[in-house]
Amino acid sequence: MAQKIKWGVLGGGGDSLIGVLHRVAASMFDAYELLGAVFNPDIEKSMEYAKELGIKTDRIHPNFETMIMAELALPQQERIQVFSILTPNFLHFPMAKKLLESGFHVICEKPMTMSYAEALELQVIQKSTGAIFALTHTYTGYPMVRQMKSMIAQGELGDIQKIDAQYYQGWINPIIHDVNMRKTTWRLDPEKSGISCCMGDIGVHAYQMIEYVTGMEISSILADLNHLYNDNQMDIDGTVLLRFGAFSKGVLRVSQIATGEENNFSVAVYGTKCALKWEQENPNYLYLLEEGKPMQTLKPGHAYNSALSLDGTKLPPGHPEGIFDAMGNIYRGVAKAIRGLNYLEGEFPEMTDGVRGMNFIEKVIESHDKGNIWIKLINN
Ligand SMILES: NC(=O)c1ccc[n+]([C@@H]2O[C@H](COP(=O)([O-])OP(=O)(O)OC[C@H]3O[C@@H](n4cnc5c(N)ncnc54)[C@H](O)[C@@H]3O)[C@@H](O)[C@H]2O)c1
């Protein structure tokens, strides 16, 4: 039996949204063993949470610096191999930098860093160490998103002429209209979140999804954002026009004030021959649209699915899988990479996705601030 990968976690405590998703994902294919953590900036809370999870407390530390030092003092074969960074955004860069420089593999939440400059710096460090770096754009782990990617790569849609991605949430609506709440939510604090709230938090998922499924690079953008209040600097809604090539265009519509919306993320790609549409709240269905034919619904686990899609399907058709499975598929791909096994292109988002994502966020803000002008993205 293969030895489990020794795993550590930074952030993702009992008070977090995303921690449980990563822990379930890591346990899904029995590849990882959680050995240590800084779940919380308060060591007492970290200890309590470790006990709650049934993890030994001897590798729970007050901060990531002491944790890394303690791990480096252990013999190599006992040392944690990979850390997941599940903290608010401002900690991703210092944590990832120190981890990579110290020889650890990294699984990092998005947005990768606070700025494009930091992203480039991290890329240089990762290249020099050769460590595995995965960025958890969770939605790329869904089998039908992978199916969409494979079908487009096979040319089944023909030439791509229109792309429409929508990511609508409503959770900031009650927060933004309450002056105290809008001043105390970390995603609305540029010190903790970065220069963008909506585009940095969910717009970047939509951006990455478009490039992931189409295999095309967005060349330029024009953004129109909304802040709603003068005392709030951060975008909470926005529309971005996209250009790929001369005749290939699209739109990215993102909001956190789309009242009543939950996690309404969808992507539609229209080609010269047919189109594909996928919706996150109904992730096991991929809709195939063709001129003059009834719409077809493709589902996971069938012989017609691609190798990449089937790789992300654990059960026979008709057993719906969801977001935990999607993240589990990403962790599975990372485990293959850490173990030196072959893995398919697209099994997990990598450093380039993070670098391109940070460039996108910065250029969207620049486009809006300069009066909604077209801006070229940098090609990494
Ligand atoms: N991939 C996705 O779909 C997805 C979804 C939600 C959130 N995220 C990302 O995950 C990250 C965390 O988001 P969240 O919603 O879970 O945030 P959260 O505020 O719910 O949780 C943050 C966690 O980090 C801990 N933390 C804060 N400072 C710390 C420090 N100095 N050291 C160690 N731990 C610390 C907190 O105690 C908490 O447990 C963000 O970067 C966010 O963008 C990604």
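The values are calculated or read from the model by the stated rules, or taken from the named source; none is laboratory data. Fair warning: this is a prediction, and the values are worked out from it, not measured in the lab. When we count neighbours, we look across all protein chains shown, and the Cβ atoms used for this are built from the backbone with ideal geometry, even at glycine.
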* Asked: Within the group ILE60, ILE43, ILE55, ILE68, which residue is of a type outside the set (Asp, Glu) and more than 14 Å from the ligand (Cβ to nearest atom)?
  -> ILE55
* Could you list, in sequence order, the residues of segment 1-13 that are within 7 Å of the ligand (Cβ to nearest atom) and small (Gly, Ala, Ser)? -> GLY11, GLY12, GLY13
* To do: Have a look at GLU33, GLU65, GLU52 and point out the one that is surrounded by fewer than 22 Cβ atoms within 10 Å (Cβ to Cβ), outside the structural domain of GLY200 (by TED's automatic domain parsing) and under 22 Å from GLY340 (Cβ atoms).
  => GLU33
* Do any strands (runs of 3 or more DSSP E) lying entirely in segment 191-280 carry at least 1 residues that are within 19 Å of GLU366 (Cβ to Cβ), and which ones are they? -> 220-226, 237-245, 248-255
* Structure fact -> GLY194: passes all of (1) buried (at least 20 other Cβ atoms within 10 Å of the Cβ); (2) more than 15 Å from the ligand (Cβ to nearest atom); (3) among the small types (Gly, Ala, Ser) but (2)
* **From the options TYR116, TYR168, residue that is within 21 Å of GLY357 (Cα to Cα), touching a strand residue (DSSP E or B) at 6+ places or on another chain (Cβ under 9 Å), among the aromatic types (Phe, Trp, Tyr) and modelled with pLDDT of 95 or more** => TYR168
* Residues satisfying the stated conditions in segment 14-31, i.e. more than 9 Å from the ligand (Cβ to nearest atom), touching a Lys or Arg at 6+ places or on another chain (Cβ under 9 Å) and small (Gly, Ala, Ser) -> ALA25, ALA31
* **Matching option when the condition is outside any helix (DSSP H, G or I), under 29 Å from GLY200 (Cβ atoms) and in contact (Cβ under 8 Å) with a residue 12 or more places away in the chain, among ILE365, ILE373, ILE330** => ILE373
* Please verify whether segment 345-364 includes one or more residues that are hydrophobic (A, V, I, L, M, F, W, C), touching a His at 6+ places or on another chain (Cβ under 8 Å), surrounded by 20 or more Cβ atoms within 10 Å (Cβ to Cβ) and modelled with pLDDT of 95 or more. => no
* Asked: Right, ALA307: of a type outside the set (Val, Ile, Thr) and touching a residue at least 60 places away in the same chain (Cβ under 8 Å) or not?
  -> yes
* Considering only residues of segment 145-158 that are touching a Phe, Trp or Tyr at 6+ places or on another chain (Cβ under 7 Å) and among the hydrophobic types (A, V, I, L, M, F, W, C), which is farthest from the ligand (Cβ to nearest atom)? -> MET148
* Structure fact -> Selection from segment 119-144 of residues within 12 Å of the ligand (Cβ to nearest atom) and either within 21 Å of PHE90 (Cβ to Cβ) or in a helix (DSSP H, G or I) (or both) yields ALA134, LEU135, THR136, HIS137, THR138, TYR139, THR140, GLY141
* Which listed residue is among the hydroxyl-bearing types (Ser, Thr, Tyr) and over 23 Å from the mean Cα position of the chain (by Cα), from TYR304, TYR285, TYR331 -> TYR304
* To do: Please enumerate the residues belonging to segment 26-46 that are under 15 Å from VAL106 (Cα atoms) and either small (Gly, Ala, Ser) or modelled with pLDDT under 95 (or both).
  => ALA26, GLY36, ALA37
